[in-house]
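Input: a single structure, listed below in C-alpha coordinates.
The values are calculated or read from the model by the stated rules, or taken from the named source; none is laboratory data. For clarity, every value in this text was computed on a predicted model and none was experimentally measured. Cβ placement follows ideal geometry from the backbone for every residue including glycine, while neighbour counts extend to all protein chains displayed.
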Amino acid sequence: MQDKNNQFEYLMNQHLSGNISDEEERVLLDILHSDPKYKILYSEMAKTRAISFIPLLEKEKDSNYKNFIQVINNGFVLNERSTIFRNFLRIAAVILFVLSTSIASYYLFTNNNSANKVANCETIVPFGSQAKIILPDGTVAWLNSGSKLKYSNLYGKKFREVQLTGEGYFEVTKDKSKPFLVHTNNIEIKVLGTVFNVRSYLNDPTEEVDLLEGKVDVTMLNKDSSKKLTLIPNEKMIYNKITKTMYSRKADAAKSAQWTTGKLCFVDESLQDITKDLERKYNVKIILETVNMKNELFSGSLNLNQPLNIILDYLDVDKKFTKIYNGQTVFIKTN
(Lines give C-alpha, C1' and ligand atoms only; values in the text may rest on other atoms or scores of the structure.)
Protein backbone atom coordinates (compact mmCIF):
# COMPACT_ATOMS: atom_id res chain seq x y z
CA MET A 1 0.00 0.00 0.00
CA GLN A 2 2.87 2.36 0.79
CA ASP A 3 4.27 1.75 -2.70
CA LYS A 4 0.91 2.69 -4.17
CA ASN A 5 0.76 5.87 -2.09
CA ASN A 6 4.26 6.83 -3.22
CA GLN A 7 3.31 6.12 -6.83
CA PHE A 8 0.19 8.29 -6.49
CA GLU A 9 2.20 11.18 -5.02
CA TYR A 10 4.76 10.95 -7.82
CA LEU A 11 2.09 10.83 -10.54
CA MET A 12 0.24 13.79 -8.99
CA ASN A 13 3.43 15.87 -9.03
CA GLN A 14 3.87 14.93 -12.68
CA HIS A 15 0.23 15.74 -13.44
CA LEU A 16 0.15 19.12 -11.66
CA SER A 17 3.48 20.23 -13.13
CA GLY A 18 2.32 19.31 -16.65
CA ASN A 19 5.04 16.70 -17.19
CA ILE A 20 2.91 13.55 -17.06
CA SER A 21 3.03 11.14 -20.00
CA ASP A 22 -0.01 9.42 -21.55
CA GLU A 23 0.92 6.12 -19.94
CA GLU A 24 1.39 7.75 -16.52
CA GLU A 25 -1.99 9.50 -16.94
CA ARG A 26 -3.64 6.11 -17.48
CA VAL A 27 -1.96 4.70 -14.36
CA LEU A 28 -3.11 7.72 -12.34
CA LEU A 29 -6.70 7.21 -13.51
CA ASP A 30 -6.53 3.54 -12.49
CA ILE A 31 -5.38 4.53 -9.01
CA LEU A 32 -8.14 7.15 -8.72
CA HIS A 33 -10.75 4.54 -9.57
CA SER A 34 -9.27 1.95 -7.21
CA ASP A 35 -10.09 3.72 -3.94
CA PRO A 36 -12.29 6.76 -3.09
CA LYS A 37 -9.56 8.17 -0.82
CA TYR A 38 -7.39 8.93 -3.85
CA LYS A 39 -10.17 11.02 -5.39
CA ILE A 40 -10.31 13.05 -2.17
CA LEU A 41 -6.53 13.47 -2.16
CA TYR A 42 -6.63 14.48 -5.82
CA SER A 43 -9.24 17.15 -5.11
CA GLU A 44 -7.29 18.54 -2.15
CA MET A 45 -3.99 18.70 -4.05
CA ALA A 46 -5.61 20.31 -7.10
CA LYS A 47 -7.35 22.95 -4.98
CA THR A 48 -4.14 23.67 -3.10
CA ARG A 49 -2.25 24.24 -6.35
CA ALA A 50 -4.94 26.53 -7.75
CA ILE A 51 -5.31 28.93 -4.83
CA SER A 52 -2.26 31.07 -5.46
CA PHE A 53 1.10 31.26 -7.16
CA ILE A 54 2.96 33.11 -4.40
CA PRO A 55 1.83 34.96 -1.25
CA LEU A 56 2.53 38.28 -2.97
CA LEU A 57 -0.56 37.72 -5.13
CA GLU A 58 -2.69 38.08 -2.01
CA LYS A 59 -1.58 41.72 -1.68
CA GLU A 60 -2.53 42.41 -5.30
CA LYS A 61 -5.98 40.83 -5.08
CA ASP A 62 -7.91 44.00 -4.13
CA SER A 63 -6.35 46.20 -6.82
CA ASN A 64 -6.90 43.51 -9.45
CA TYR A 65 -10.56 43.25 -8.44
CA LYS A 66 -11.02 47.04 -8.63
CA ASN A 67 -9.45 47.09 -12.10
CA PHE A 68 -11.78 44.29 -13.19
CA ILE A 69 -14.85 46.21 -11.93
CA GLN A 70 -13.65 49.35 -13.70
CA VAL A 71 -13.34 47.41 -16.95
CA ILE A 72 -16.92 46.19 -16.60
CA ASN A 73 -18.25 49.62 -15.69
CA ASN A 74 -16.65 51.12 -18.79
CA GLY A 75 -19.31 49.33 -20.78
CA PHE A 76 -17.92 46.27 -22.54
CA VAL A 77 -20.44 44.74 -24.93
CA LEU A 78 -20.50 40.96 -24.96
CA ASN A 79 -20.61 40.20 -28.66
CA GLU A 80 -18.50 38.14 -31.05
CA ARG A 81 -17.19 41.26 -32.84
CA SER A 82 -15.64 42.71 -29.69
CA THR A 83 -11.91 42.22 -30.20
CA ILE A 84 -11.17 43.83 -26.84
CA PHE A 85 -13.48 41.45 -25.05
CA ARG A 86 -11.94 38.44 -26.80
CA ASN A 87 -8.51 39.66 -25.70
CA PHE A 88 -9.85 40.05 -22.18
CA LEU A 89 -11.03 36.44 -22.24
CA ARG A 90 -7.60 35.31 -23.39
CA ILE A 91 -5.99 37.18 -20.49
CA ALA A 92 -8.46 35.62 -18.05
CA ALA A 93 -7.70 32.17 -19.44
CA VAL A 94 -3.97 32.73 -19.00
CA ILE A 95 -4.50 33.84 -15.39
CA LEU A 96 -6.56 30.73 -14.65
CA PHE A 97 -3.91 28.55 -16.30
CA VAL A 98 -1.14 30.07 -14.18
CA LEU A 99 -3.13 29.57 -11.00
CA SER A 100 -4.04 25.98 -11.78
CA THR A 101 -0.59 24.87 -12.94
CA SER A 102 1.64 27.05 -10.79
CA ILE A 103 5.05 25.83 -9.72
CA ALA A 104 4.24 26.56 -6.09
CA SER A 105 1.12 26.02 -4.00
CA TYR A 106 -0.13 28.28 -1.24
CA TYR A 107 -2.89 27.55 1.22
CA LEU A 108 -4.26 28.33 4.66
CA PHE A 109 -5.26 25.95 7.39
CA THR A 110 -6.54 26.80 10.89
CA ASN A 111 -5.61 25.56 14.31
CA ASN A 112 -9.00 24.85 15.91
CA ASN A 113 -7.41 24.24 19.31
CA SER A 114 -6.56 27.92 19.63
CA ALA A 115 -8.96 30.52 20.88
CA ASN A 116 -7.51 32.92 18.36
CA LYS A 117 -7.28 30.86 15.22
CA VAL A 118 -3.85 31.00 13.62
CA ALA A 119 -3.56 30.46 9.89
CA ASN A 120 -0.41 28.95 8.46
CA CYS A 121 0.84 29.72 4.98
CA GLU A 122 2.67 26.97 3.16
CA THR A 123 4.45 27.07 -0.19
CA ILE A 124 5.29 23.76 -1.86
CA VAL A 125 7.60 23.59 -4.87
CA PRO A 126 7.38 20.33 -6.86
CA PHE A 127 10.42 18.68 -8.41
CA GLY A 128 11.45 20.34 -11.65
CA SER A 129 10.41 23.82 -10.44
CA GLN A 130 11.58 26.79 -8.39
CA ALA A 131 9.72 29.63 -6.66
CA LYS A 132 10.44 33.13 -5.39
CA ILE A 133 8.44 34.37 -2.41
CA ILE A 134 8.16 37.83 -0.87
CA LEU A 135 7.38 37.46 2.84
CA PRO A 136 5.22 40.11 4.58
CA ASP A 137 8.26 41.98 5.95
CA GLY A 138 9.89 42.20 2.51
CA THR A 139 12.28 39.29 3.06
CA VAL A 140 12.95 37.46 -0.20
CA ALA A 141 13.01 33.65 -0.18
CA TRP A 142 13.95 31.49 -3.17
CA LEU A 143 12.84 27.85 -2.93
CA ASN A 144 14.56 25.12 -4.91
CA SER A 145 12.97 22.00 -6.43
CA GLY A 146 11.23 19.69 -3.95
CA SER A 147 11.14 22.29 -1.15
CA LYS A 148 8.51 23.46 1.30
CA LEU A 149 8.29 26.65 3.38
CA LYS A 150 5.74 27.25 6.12
CA TYR A 151 5.05 30.30 8.29
CA SER A 152 2.25 31.75 10.42
CA ASN A 153 -0.06 34.57 9.36
CA LEU A 154 1.28 36.35 12.47
CA TYR A 155 4.69 36.51 10.78
CA GLY A 156 6.20 39.97 11.12
CA LYS A 157 3.80 41.09 13.86
CA LYS A 158 5.35 39.53 16.95
CA PHE A 159 7.99 37.26 15.45
CA ARG A 160 9.59 36.15 12.18
CA GLU A 161 9.85 32.37 11.98
CA VAL A 162 9.71 29.93 9.06
CA GLN A 163 9.93 26.14 8.75
CA LEU A 164 12.00 24.85 5.81
CA THR A 165 12.27 21.46 4.16
CA GLY A 166 14.51 21.32 1.09
CA GLU A 167 16.67 24.24 -0.05
CA GLY A 168 16.11 27.95 0.40
CA TYR A 169 18.06 31.14 -0.31
CA PHE A 170 17.11 34.07 1.93
CA GLU A 171 17.68 37.83 1.67
CA VAL A 172 16.43 38.91 5.08
CA THR A 173 15.07 42.39 5.79
CA LYS A 174 16.79 43.88 8.84
CA ASP A 175 14.72 44.18 12.01
CA LYS A 176 16.68 44.13 15.28
CA SER A 177 13.50 43.88 17.34
CA LYS A 178 12.36 40.69 15.58
CA PRO A 179 15.09 38.12 14.78
CA PHE A 180 14.49 35.97 11.70
CA LEU A 181 14.47 32.24 12.51
CA VAL A 182 14.65 29.28 10.13
CA HIS A 183 13.74 25.88 11.59
CA THR A 184 14.69 22.61 9.90
CA ASN A 185 14.43 19.08 11.31
CA ASN A 186 17.82 19.33 13.02
CA ILE A 187 18.94 22.95 13.33
CA GLU A 188 17.73 26.48 14.04
CA ILE A 189 19.21 29.48 12.22
CA LYS A 190 18.92 32.93 13.82
CA VAL A 191 19.67 36.19 11.98
CA LEU A 192 18.75 39.88 12.18
CA GLY A 193 19.26 40.81 8.55
CA THR A 194 21.54 38.93 6.20
CA VAL A 195 21.90 36.74 3.09
CA PHE A 196 22.36 32.98 3.36
CA ASN A 197 21.54 29.62 1.78
CA VAL A 198 20.08 26.63 3.64
CA ARG A 199 20.06 23.07 2.30
CA SER A 200 17.94 20.60 4.28
CA TYR A 201 16.52 17.80 2.12
CA LEU A 202 15.07 14.91 4.11
CA ASN A 203 16.95 12.22 2.18
CA ASP A 204 20.35 13.93 2.26
CA PRO A 205 22.87 12.80 4.91
CA THR A 206 23.71 16.38 5.88
CA GLU A 207 22.17 19.81 6.38
CA GLU A 208 24.17 22.86 5.28
CA VAL A 209 24.14 26.62 5.81
CA ASP A 210 26.27 28.96 3.65
CA LEU A 211 26.59 32.58 4.72
CA LEU A 212 27.01 35.24 2.01
CA GLU A 213 26.49 38.43 4.05
CA GLY A 214 26.10 39.44 7.69
CA LYS A 215 26.16 36.97 10.58
CA VAL A 216 24.08 33.94 11.59
CA ASP A 217 23.85 31.75 14.68
CA VAL A 218 23.20 28.05 14.07
CA THR A 219 22.00 25.86 16.96
CA MET A 220 21.55 22.09 16.93
CA LEU A 221 18.09 20.87 17.94
CA ASN A 222 19.59 17.62 19.25
CA LYS A 223 18.36 17.20 22.82
CA ASP A 224 21.73 15.71 23.78
CA SER A 225 23.64 18.82 22.76
CA SER A 226 23.16 22.58 22.85
CA LYS A 227 26.07 23.34 20.54
CA LYS A 228 25.88 26.65 18.68
CA LEU A 229 28.06 28.03 15.89
CA THR A 230 28.33 31.63 14.70
CA LEU A 231 29.12 32.01 11.01
CA ILE A 232 30.76 34.93 9.24
CA PRO A 233 30.64 35.51 5.44
CA ASN A 234 32.12 32.71 3.33
CA GLU A 235 31.72 30.10 6.05
CA LYS A 236 29.68 26.92 5.76
CA MET A 237 28.01 24.96 8.55
CA ILE A 238 27.58 21.21 7.99
CA TYR A 239 25.34 19.08 10.21
CA ASN A 240 25.87 15.31 9.93
CA LYS A 241 22.57 13.48 10.49
CA ILE A 242 24.29 10.16 11.20
CA THR A 243 26.77 11.33 13.84
CA LYS A 244 24.50 14.18 14.99
CA THR A 245 27.41 16.60 14.98
CA MET A 246 28.05 19.90 13.25
CA TYR A 247 31.11 21.90 12.27
CA SER A 248 32.05 24.91 10.14
CA ARG A 249 34.65 25.53 7.45
CA LYS A 250 35.64 28.15 4.90
CA ALA A 251 33.70 28.10 1.62
CA ASP A 252 32.87 30.15 -1.44
CA ALA A 253 29.34 30.85 -0.21
CA ALA A 254 28.20 32.52 -3.43
CA LYS A 255 28.48 29.19 -5.26
CA SER A 256 25.89 27.64 -2.97
CA ALA A 257 23.30 30.13 -4.24
CA GLN A 258 24.07 29.79 -7.96
CA TRP A 259 21.01 27.56 -8.35
CA THR A 260 18.86 30.71 -8.12
CA THR A 261 20.40 31.82 -11.44
CA GLY A 262 20.04 28.44 -13.15
CA LYS A 263 23.53 27.15 -12.41
CA LEU A 264 24.89 24.24 -10.41
CA CYS A 265 28.41 24.74 -9.02
CA PHE A 266 30.41 21.97 -7.36
CA VAL A 267 33.97 21.36 -6.14
CA ASP A 268 35.16 17.77 -5.64
CA GLU A 269 31.55 16.58 -5.54
CA SER A 270 30.70 12.93 -6.10
CA LEU A 271 28.73 11.96 -9.18
CA GLN A 272 26.08 10.44 -6.92
CA ASP A 273 25.53 13.77 -5.12
CA ILE A 274 25.49 15.71 -8.40
CA THR A 275 22.85 13.42 -9.89
CA LYS A 276 20.65 13.99 -6.80
CA ASP A 277 20.54 17.69 -7.69
CA LEU A 278 19.84 16.86 -11.33
CA GLU A 279 17.00 14.54 -10.34
CA ARG A 280 15.30 17.35 -8.42
CA LYS A 281 15.89 19.94 -11.11
CA TYR A 282 14.71 17.83 -14.06
CA ASN A 283 12.16 15.73 -12.14
CA VAL A 284 13.73 12.45 -13.25
CA LYS A 285 15.28 9.35 -11.68
CA ILE A 286 18.98 8.78 -12.46
CA ILE A 287 20.33 5.31 -11.74
CA LEU A 288 24.11 4.80 -11.63
CA GLU A 289 24.47 1.13 -12.51
CA THR A 290 28.26 0.89 -12.10
CA VAL A 291 29.14 0.99 -8.39
CA ASN A 292 32.59 2.58 -8.59
CA MET A 293 31.34 5.51 -10.67
CA LYS A 294 29.17 6.80 -7.81
CA ASN A 295 32.16 8.18 -5.90
CA GLU A 296 33.96 9.77 -8.85
CA LEU A 297 34.67 13.42 -8.03
CA PHE A 298 33.86 16.35 -10.29
CA SER A 299 34.47 20.10 -10.17
CA GLY A 300 32.81 22.65 -12.39
CA SER A 301 29.67 24.60 -13.18
CA LEU A 302 26.58 23.46 -15.09
CA ASN A 303 24.03 25.63 -16.89
CA LEU A 304 20.76 24.02 -15.81
CA ASN A 305 18.80 25.90 -18.45
CA GLN A 306 20.03 23.32 -20.96
CA PRO A 307 18.38 19.92 -21.62
CA LEU A 308 19.39 17.05 -19.33
CA ASN A 309 21.10 15.07 -22.09
CA ILE A 310 23.48 17.98 -22.76
CA ILE A 311 24.23 18.26 -19.04
CA LEU A 312 25.07 14.56 -18.80
CA ASP A 313 27.23 14.76 -21.93
CA TYR A 314 29.15 17.63 -20.31
CA LEU A 315 29.84 15.49 -17.23
CA ASP A 316 31.00 12.65 -19.47
CA VAL A 317 34.17 14.47 -20.57
CA ASP A 318 36.08 11.22 -21.15
CA LYS A 319 33.19 9.66 -23.12
CA LYS A 320 33.18 6.60 -20.89
CA PHE A 321 29.48 6.55 -19.91
CA THR A 322 26.62 4.76 -21.61
CA LYS A 323 23.33 6.56 -21.03
CA ILE A 324 19.92 4.97 -21.64
CA TYR A 325 16.83 7.20 -21.45
CA ASN A 326 13.57 5.47 -20.56
CA GLY A 327 10.78 7.98 -19.95
CA GLN A 328 11.55 9.80 -16.70
CA THR A 329 14.39 7.41 -15.81
CA VAL A 330 18.02 7.58 -16.96
CA PHE A 331 20.34 4.59 -16.60
CA ILE A 332 24.09 5.32 -16.61
CA LYS A 333 26.95 2.83 -16.61
CA THR A 334 30.60 2.82 -17.63
CA ASN A 335 31.56 1.44 -21.03
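Number of residues in segment 235-248 that are under 19 Å from Glu269 (Cα atoms) and either modelled with pLDDT of 95 or more or of a type outside the set (D, E, K, R) (or both): the value is 8. Note on segment 245-254: residues that are surrounded by 14 or more Cβ atoms within 10 Å (Cβ to Cβ) and either among the β-branched types (Val, Ile, Thr) or touching a residue at least 40 places away in the same chain (Cβ under 8 Å) (or both) amount to 4. Considering segment 305-316, the residues that are at pLDDT below 90 and in contact with a Leu (Cβ under 9 Å, 6 or more places away or on another chain) include one that is surrounded by the most Cβ atoms within 10 Å (Cβ to Cβ), namely Leu315.
Just one of (1) under 30 Å from Gln14 (Cα atoms); (2) surrounded by fewer than 18 Cβ atoms within 10 Å (Cβ to Cβ); (3) free of Cβ contacts under 8 Å to residues at least 60 places away in the same chain fails for Asp217. It is (1). In segment 287-309, the residues that are more than 15 Å from Val330 (Cβ to Cβ) reach residues that are surrounded by fewer than 13 Cβ atoms within 10 Å (Cβ to Cβ) with C-beta atoms within less than 8 angstrom, at least six apart or across chains, in these pairs: Leu297/Asp268; Phe298/Asp268; Ser299/Val267; Ser299/Asp268.
Residues in segment 317-327 that are closer than 13 Å to Glu296 by Cα and loosely packed, with under 14 Cβ neighbours inside 10 Å: Val317, Asp318, Lys320.
Looking across segment 182-200, the residues that are within 12 Å of Leu221 (Cβ to Cβ) and either in contact with a His (Cβ under 9 Å, 6 or more places away or on another chain) or not β-branched (Val, Ile, Thr) (or both) come down to His183, Asn185, Asn186, Glu188, Ile189, Ser200.
Of everything in segment 141-172 that is under 18 Å from Tyr201 (Cα atoms) and among the basic types (Lys, Arg), the residue that is surrounded by the fewest Cβ atoms within 10 Å (Cβ to Cβ) is Lys150.
In segment 185-197, of all residues being modelled with pLDDT of 90 or more and closer than 19 Å to Val140 by Cβ, the one that is surrounded by the most Cβ atoms within 10 Å (Cβ to Cβ) corresponds to Phe196. Selection over segment 255-286 of residues that are of a type in the set (Val, Ile, Thr) and in contact (Cβ under 8 Å) with a residue 60 or more places away in the chain gives a count of 1.
Any idea which residue in segment 1-58 is modelled with the lowest pLDDT, counting only those that are farther than 19 Å from Lys281 by Cα and of a type in the set (Val, Ile, Thr)? Within segment 1-58, the match that is modelled with the lowest pLDDT is Ile54.
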